[in-house]
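What follows draws every value from the coordinates through simple rules; no lab data is involved. In this text the structure is predicted, and so the values were computed from the model without any measurement. A quick note on method: Cβ atoms are made from the backbone with ideal geometry, for glycine too, and the neighbour counts reach across all protein chains shown.
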């Protein structure tokens, strides 16, 4: 078995805080997810997409969507 210790992406220190700031700074109705934000493995991407989908669902049924139109 060959291991490539530097083959997987590595986030920089502060990545989680940076992503939180990005998401907080987005205009109402804009959502981001994916490997760049939530994690590189499939489980992390699915978890992140599920959380975003729940946020989108809450947004489209809220009064907040009235502010973007």
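For the chain, the mean residue ellipticity at 222 nm estimated from helices alone is -15000 deg cm²/dmol, where every DSSP H run of n ≥ 4 contributes -39500 (n - 2.57) and the total is divided by all residues, rounded to the nearest 500. With respect to the chain, whose longest principal axis is taken over its alpha-carbon atoms, helix 15-25 is tilted by about 20°.
If you line up the long axis of helix 42-60 against the longest principal axis of the chain, both from Cα atoms, how many degrees apart are they, to the nearest 10? Approximately 10 degrees, to the nearest ten.
Applying 1/(1 + (r/R0)^6) with r as the Cβ-Cβ distance of residue 61 and residue 15 and R0 = 22 angstrom yields a FRET efficiency of 0.10.
Between residue 45 and residue 3, residue separation times 0.36 nm minus the direct Cα-Cα distance comes to 12.8 nm. Shape summary: the chain maps onto an equivalent ellipsoid whose semi-axes, from the alpha-carbon gyration tensor, are 31, 14, 7 Å in decreasing order.
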